[in-house]
Every structure is written in C-alpha cells, then in structure tokens.
Amino acid sequence: MKLLIVDDIAINREFLREAIEAEGHHTMLEAADGVEALEILNREKVDAVLSDILMPRMDGYRLCHEIRATDRLRDLAIVIYTSTYTSPSDEKLALRLGADRYLRKPASFETILLALEEAIAVPHTTLQPEAWHDVEVLKEYSDRLVTKLEKRNIELAEANERLTILDRAKSEFLDVISHEFRTPLCGLFTVGELILDGISSPEENRELQGVFERSRRRILSILDDALLLTRIDVKRDQFGSVPVSLSAALIRAIEKATEFANSRHVAFAMPSASLGFVVGDEDLLVRAFQALLETAVMFSEEGATVRLAHEVLADSLRVIIESHGRTISTTALPKFFEIFSVEETLTPGGDLGLGPAVAYRILSLFGASVSVANRDSSGIQLTLSLKQAAKKTAASSAASAG
C-alpha cells in the first residue's frame, strides 16, 4: 500500500508513519495540509489518503471535495481521521464530500489499517455537489468554530494575566497561539465562501455574505487584538518610539474606522489645525486611535457625529473624543479598559471586544494614557494624554517626512 498521510502536526504524521510501516507498509508520503497534499497527488500515484480535517490553507473537507472533483483522482480511497470534528454532523459532511471512511482519534492501528483496506476495496464515495450549498451545514460548522475560538480567546486572556516568567518560551507560545486560532479560521472561511458562491438567489446571497463578512472581520480582529495584548506584555522592551505626527496618525485611524462608522450611520469631525508631534510608533498609535474611535461609534446613536478636539499642555498633547448616544453604567466605568470588561459592557453597536484594552496597553507603552467618562446623559468622552515629542526631534522628523 502506498499511502499519503495529511496532517498539519508533524509528530502526528511521524507517529502514524512509523506505526503503519511497522505493519509492513513501506511507502509513505506526507503533507502538512490539503494544498500540499494536492501538489503531491499531482505527481505521485497513491492507493489511499489518510487525512485530518483541521489544517491551515486547505482543510480535510475541502481536500475531499477537490479529490472527488478531479477526474484523475476521483477513485482514490479517502479516510478521514480527526480529533476535532467528532459529531455525527461532522461525519455526515465528510462522507457527503467524498470520504470513504471516517475515524475519530484516537483509534487503534488495526482499526486504521482496516479502514484503509476497506476504502481501497469498495467502490468509492461519489461527491454530492449540494453539500457545498447547504446553508444549515455552514451555520452549524460556523457556530462550532466560533464557539471554539471564543473559548480560546478567553483562555488566552487568562494566560496573559499569568505570563510573568518567559524567555525563549515566549516566542514559541505566540507561535502556538497563532496556529491554534488561524487553523480553524481557514476551514470556516473556506467552507463559508464556497457555500455562499453556490447560492442561486442574489438577494439571499448578499444577505448571507454580509453576515459572513462581518463575522469574519470580527473574529480576525479579536484574534489580532488578543495576540497584540500578549506581545505587549511579554515583549514590551522590543517596542521602540519615534516622533509621530499626531494629525497624520489620527487621519489614518479615521480612514480605517470609517467603514465601521458608515455601517452605523455615524460620522467623524476632525480638528483642522496641525496637532504637533507625539512620542510613539505610528502604526501602533493608529491602531489604538482606531480602536477608540470605533468604541465611540458604538456609543453613538444613528446619525450622530463623533467629534475630536485637542489641547496643548506643557509637555503633552491631549485628544478628546466625544460620542453622542448611550452612556456607560457606573459599575462598568472603573473597569472599562480591562480585558474582562468585554462580557459586561454592552453598546448600541455590540459588545466592546478587546479594542479599549488594546488601546490602553498601546498608549501605556509610550507613556501615554486614556480615560473614559460619561457626558451627562448623552454619550461618552475618551480623553487621551500623549507625550509631546521634543521640538528638535519633531522638526527633524517633519523634515525627513517632507
């Protein structure tokens, strides 16, 4: 038997390869995901594929679909072997997409070999094209992935509080966390896009596409914010600072936040005067400003304008962001910038996410600060205090930029 093992975890591939080779099967090929598997199958003839489901770039579901949709490969035996997707509906989807056998990890090597032999011997599963167009399958698949991601986000936040002694393990930890989040996202986005592409009703497609796109961006935003929070805590000393044009950074932030504001029919009003230079990293400051602007949008009523003002103090510049709409409860105010305020503070635009916490941590990197208060009964006020860059260095930066 010539077998292709597809799994993104190298130790899993090695374990399977050694065990199966010990049974007398000496020709083993390996791939880390569906994309690599298809590349191998295009140049190598194999008897069967033993594949995981949860993998980056292309997961096991899509790999089944691609194999069955390719004339030269459609009769290839496929066995799915997974520890993540273990529900009856997971198995049903795998079989509908072309898998011959479906095994849940862990399984004995005798069971795996028997499944492979049966898959080779019997007629192979015929692809059911409508599987990609089943909106209910997409909903169930998406709900499970989002739940898994939310749980891991909370675990990441809790771990973030306990990370006090890290050296080399810091970088390894971040790599593992990134993999654990982005791998299931790949499967979610791939299946979602394929199903949406197959919906015949333009109106239904647009509505579902909008929901899907907003969910996709939301999940990616939470992932990026969570990873940045961890990097700030464990690699704080690696963030440098230079003089940054406050006006330029705010303009960039407004541009990035405008799509979100438009979706809620909220506008921005930016001061026209030059605001000077502050100390920081421009990209990180833009990210912090964007998070705070979008927070202000969440506390704005439809048709309102988020207004920005500034003040020049002795050695600092102050930016004031005001919304018009909903206020913050007195119990939530003291912990507005804490990670776990995510679950407690509701706004007209949805939950806060990690935006306020990320902005607070970024600003603290550069000796800046942010506070929040209610504006009587009609909105909130975010006050940023940023360290003013020395005039000499600021002038040099302006000259270099020009």
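The values are calculated or read from the model by the stated rules, or taken from the named source; none is laboratory data. Quick caveat, the model's predicted, so the values are computed rather than measured. Please note: Cβ atoms are built from the backbone with ideal geometry, for glycine as well, and neighbour counts cover all protein chains shown. Quick note on the areas: whole protein, heavy atoms, side chains included, nothing else; ligands and nucleic acids left out. Shrake-Rupley method; radii C 1.70, N 1.55, O 1.52, S 1.80 Å.
For the reader, a short list of remarks on this structure follows.
- Members of the range 38-71 found to be open to solvent by 10 Å² or more (accessible area, probe 1.4 Å) and hydroxyl-bearing (Ser, Thr, Tyr), listed by number: Thr70
- Filtering the range 18-31 to residues that are crowded, with 18+ Cβ neighbours inside 10 Å and either of a type in the set (Val, Ile, Thr) or not in a strand (DSSP E or B) (or both) leaves only Ile20.
- For first residues located in the range 26-40 and of a type in the set (Ser, Thr, Tyr), partners that are not in a helix (DSSP H, G or I) and lie 6+ apart or on another chain with Cβ distances below 9 Å form the pairs Thr27/Met1; Thr27/Lys2; Thr27/Leu3; Thr27/Val46; Thr27/Asp47.
- Residue check: Ile232 meets all listed conditions (1) under 18 Å from Leu363 (Cβ atoms); (2) aliphatic (A, V, I, L, M); (3) open to solvent by 40 Å² or more (accessible area, probe 1.4 Å) but one, namely (3).
- Extreme residue, surrounded by the most Cβ atoms within 10 Å (Cβ to Cβ), among residues of the range 72-95 that are part of a loop (DSSP other than H, G, I, E, B) and of a type outside the set (S, T, N, Q): Tyr85
Residues are listed down the side, and each one gets a yes or a no for (1) of a type in the set (Asp, Glu); (2) part of a loop (DSSP other than H, G, I, E, B); (3) open to solvent by 40 Å² or more (accessible area, probe 1.4 Å); (4) closer than 12 Å to Leu382 by Cα:
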residue	(1), (2), (3), (4)
Ser247	no, no, no, no
Lys256	no, no, yes, no
Ser274	no, yes, yes, no
Val278	no, no, no, no
Asp283	yes, no, yes, no
Val286	no, no, no, no
Arg318	no, no, yes, yes
Thr331	no, yes, yes, no
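- Among residues of the range 96-113, those that are touching a residue at least 12 places away in the same chain (Cβ under 8 Å), open to solvent by 40 Å² or more (accessible area, probe 1.4 Å) and either within 13 Å of Ile20 (Cβ to Cβ) or small (Gly, Ala, Ser) (or both), counted: 1
- Any chance Asp8 is assigned to a loop (DSSP other than H, G, I, E, B) and over 20 Å from Ala121 (Cα atoms): yes
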